[in-house]
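Reviewing the structure listed below.
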Amino acid sequence: MSYLNELNEVQRQAVTHIDGPALIIAGPGSGKTRVLTYRIAHLIDSGIAPWSVLTLTFTNKAAKEMKERIANVAGKNAGKIWAGTFHSVFARILRVEASKIGYPSDFTIYDSKDTKSAITELVKAHGLDPKLYNASAVYNRISLAKNSLISPKAYFEDVNRLLEDKQNKMPYIYKIYELYVGKCKRSAAMDFDDLLYQMYQLLENNPDVLSKYREKFKYILVDEFQDTNLLQYSIIKKLVSYDGSSNNICVVGDDAQSIYAFRGATIQNILNFEKDFPGIEVFKLEQNYRSTNYIIQAANDIIAKNSKQIKKTIFTDKKEGELIRVINAITDTEEARQVVNMIVEQKNRYHISNDDIAILYRTNAQSRVFEEALKSKRIPYKIYGGTSFYDRKEVKDVLGYLRAVVNPKDEEALKRILNYPTRGIGPTSISKLLKIATEEKLSLWTICENVHHASLPKRTENAIKQFVQMIKLFQKRIANSTAYELAKYIVKMTEIILDLKKPRTIEAQNRVENVTELLDGIKSFVEDDEVDEFSTNIEDKSLQSYLQNVVLLTDLDKDLEEETRVKLMSVHSSKGLEFKSVFIVGVEENLFPSMMALKSKDINAAVDEERRLFYVAVTRAEQFLTLSYSTSRYRFGNMTYNTSSRFLEEISSKYLDLSTQNKTAKVSQTYNKKNTMDKLSTMSKPYVKAKMMANFKASPISMASVGCEILHQRFGNGKIISIDGDGSNKVATIFFEDEVGEKRIMLKFAKIQVLE
DNA sequence: ATTGCCGCAATTTTT
DNA sequence: TTGCGGCAAT
């Protein structure tokens, strides 16, 4: 048990505690993964069967890392423990037990696009306005319901929910929810939430199944417990908490790093946990081994502003280290340029390699300018998250075929490929088929199989018959060809490549390459004998298993360690990672904290979550931390103006290095036009503009008259020279101070503020 | 049925 | 700015 020597006192206690419930509160960089893996190794060393240990994580990456590290300590037996994400472990179990809940074992998993498309269809079919009943909004409501264990029936009886929907002008969500559930069932499909929801129902309604898994999983560990929602917690509780149970559950989490409340996660689970499992032992890991002292102190400054939290003090015995650099810029492009310059400087001065560097942003949309800036300096980079490879249309189309072959009831897949490549089955025919399917409560596939009852034009009927034949042909091949061979065959037979090549553009070429890449991916899935996460079972190389992998895998899980490239990702994706040098960019009001948070009903809770997110971002850094913001940036195509983030102000200036900052940019949150005017004149022009724009407020047309000094949202300061036209069609000729010069602007559309 | 054009809405964050 | 959905022309 030599590994015990590598631990500090609290860590060792947490590792050697075996029986009964345990709660480990683990600050950032406190060796959480180490404790978890050693704990598992220790369990196995103590004679506990590896296959009775279940470890649940949030990301596949975390699961994989855990397995690898356990293997280092515990050797071969590590392969036999159950470790995976909530979603993948439950999907596995659900396939085995599918018949108990009325599903075939080869059910499809819908990703969020499939789900939204299904919802949009239902909304339209019921004559509701798709703009009002925005698919994402409806999906959110349904998702929230499922994650709170509210069935469609319970939803309809829930007065509060109905009232909320009414206030949001979507009173029929309950109906869509009900229909959506039916549609999924008929399509033999589960969405992400179903993997949890159905798992719960399975255990709830099948005592034999429940006791089987209670028997099986004697030791359960949950990582990132602060991010579990009610549903996940309920499943865990079902498995662990019962008469005669030894309550061998260990959860690890940090309330300060809870960043998924928007998805229904609640730190209430941590608080409840202490109540639900009396006799619980609590371990607090407070020593940070990751970051320098300045970074830790800054992080403490930030999180101290949050009112609700479990008390703990993060400390380190590392040196002060470098101060946190603050960069400010006038535009987003300029911000990117400066950040990249700083990267170059760090690389030269400290010999940091590309993969020790990460650029973290609040929203994926921010990545673009950094990409360009990195490109111009020839620094290799990789973007994680955002529009993933598997979200591309051409990729989804090919996958659609594969899905339909495995499970032809999969309505979303079928809809996608029924007329792709075009074969004369237009939208009119498809909606007719869908209508029949809904009325008869049958799957779309069944209707297609019996298309002669559908009274469609002969031509279309034949086209559908041919389509059905083709899919059946593919299905016959499943048994004696690999996933790769089949996929290749399908692509050939459907002439998808030919269709993609039609427009002779670069994008077309890219699309063809994407399809090829997809095929290569399938090939390596089939051929790779890398131990998969469920190596307890025979390696599953079936097409179905491939599809499940694809849908549950995210970009981040793929190959983070591969090359020496600068990494770009959202702060959310960065959770659990660490880098020598971290750049947090776009540290501005309305971006970080996000505008959504600032506009939310419960603004305090929302800003607290943003603050935790910022805390997570800051604590990713080991040695160097740089924060940057820009006073103006493009957003939906037009310029917006922002001030630096409140979070920046919350860090004591002791830890900040403001030397690189433009002196004029000491931003005061309150801006007073009168006495700032003089000061502004000494500042750089674009900055003056940015500053004034932050305060921009459009005036009514009636206030505009010849001679007025005005402020235009895009062109800045100007003076009205003349106004012509009448009524609401008045056109003003305005002379702008900046290079813009004279412009004729329709007052009806222009956003103009009259200054005096 | 298909193609192509126009107008509008979108950006939090993820399994 | 992009990307999607709706509509009109072929």
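The values are calculated or read from the model by the stated rules, or taken from the named source; none is laboratory data. A quick note: this is a predicted structure, and the numbers were derived from the prediction, not measured. So basically every Cβ, Gly included, is an ideal-geometry build from the backbone, and we count neighbours across all protein chains shown. The accessibility values were calculated without ligands, DNA or RNA, using every heavy atom of the protein model including side chains. Shrake-Rupley method; radii C 1.70, N 1.55, O 1.52, S 1.80 Å.
List of remarks:
- The HN-Hα couplings worked out from phi for the range A:453-461 by the Karplus form 6.51 cos²θ - 1.76 cosθ + 1.60 (θ = phi - 60°) are 7, 8, 6, 9, x, 3, 4, 5, 4 Hz, whole numbers, x standing for Gly and Pro.
- Positive dipole terminus of chain A, leading residue within A:Pro427, A:Ser481, A:Val340 (C-beta point charges): A:Pro427
- The chymotrypsin sites (Phe, Trp or Tyr not before Pro) of the range A:566-652 meeting both criteria, a DSSP state outside H, G, I, E and B (loop) and at most 10 other C-beta atoms within 10 angstrom of the site's C-beta, are A:Phe636.
- Between the alpha-carbon centres of the range A:167-211 and the range A:53-106 there is a gap of 22 Å.
- Ligands, DNA and RNA aside, A:Glu178 has an accessible area near 90 Å² when probed at 1.4 Å.
- A:Asp19 accessible area, assembled protein chains, probe 1.4 Å, Å²: 100
- Accessible-area ranking of A:Ser307, A:Ser574, largest first, probe 1.4 Å: A:Ser307, A:Ser574
- Amide H contacts of A:Ser630 (H built 1.01 Å from N, under 5 Å, at least 5 apart or other chain): A:Ala329, A:Gly586, A:Val587
- For chain A: rounded, prolate or oblate by the Cα gyration tensor [a/c cutoff 1.5]: oblate
- Note that the range A:583-588 has calculated 3J(HN,Hα) couplings of 10, 9, 10, x, 7, 10 Hz, one per residue in order, obtained from phi through the Karplus relation 6.51 cos²θ - 1.76 cosθ + 1.60 (θ = phi - 60°); glycine and proline are x.
- Measuring with a 1.4 angstrom probe and ignoring ligands and nucleic acids, A:Asp243 comes out at about 150 Å² accessible.
- Spatial separation of Cα centroids for the range A:346-372 and the range A:235-302, in angstrom: 31
- Dipole of chain A, positive end: most advanced residue of A:Ala358, A:Ala125, A:Val240 [Cβ charges, Cα centre]: A:Ala125
- Amide H contacts of A:Gly27 (H built 1.01 Å from N, under 5 Å, at least 5 apart or other chain): A:Leu285
- Seen from A:Ser291, the other residues with C-beta closer than 10 Å to its C-beta sum to a net charge of +1, counting Lys and Arg as +1 and Asp and Glu as -1.
- Estimated [θ] at 222 nm from DSSP helical runs (n ≥ 4, -39500 (n - 2.57)) normalised by residues in chain A, nearest 500: -14000 deg cm²/dmol
- Accessible-area composition of chain A, carbon plus sulfur, in percent [1.4 Å probe]: 51
- Coil-residue GluC sites (Glu not before Pro) of the range A:571-631, DSSP, other Cβ within 10 Å capped at 13: none
- Solvent-accessible surface ranking, highest first, for A:Thr438, A:Thr631 at 1.4 angstrom: A:Thr438, A:Thr631
- This model, with +1 at the C-beta of Lys and Arg and -1 at the C-beta of Asp and Glu, gives chain A a dipole about its Cα centre of some 1780 debye.
- Sorting A:Trp82, A:Trp51 by solvent-accessible area of protein heavy atoms yields A:Trp51, A:Trp82, largest first, with a 1.4 Å probe.
- The residues of chain A have, on average, 46 Å² of accessible surface per residue, using a 1.4 Å probe with all protein chains present.
- Dipole in debye (nearest 20) - the range A:396-493, about Cα centre, beta carbon charges: Lys, Arg +1; Asp, Glu -1: 260
- Highest-first arrangement of A:464-475, A:492-503, where packing means the average Cβ count within 10 Å: A:464-475, A:492-503
- For the range A:313-321, putting each phi into the Karplus relation 6.51 cos²θ - 1.76 cosθ + 1.60 with θ = phi - 60° gives couplings of 10, 8, 9, 9, 9, 6, 5, 3, x Hz, in residue order, rounded to whole numbers and with x for Gly and Pro.
- A cut-off of 5 Å between modelled amide H atoms, ignoring neighbours fewer than 5 places along the same chain, links A:Leu625 with A:Arg325, A:Val582.
- Summing +1 for each Lys or Arg and -1 for each Asp or Glu among the other residues whose beta-carbon sits under 15 angstrom from that of A:Ala606 gives +4.
- Selection from A:Ile220, A:Asn328, A:Ser291, by position along the positive dipole direction of chain A (Cβ): A:Asn328
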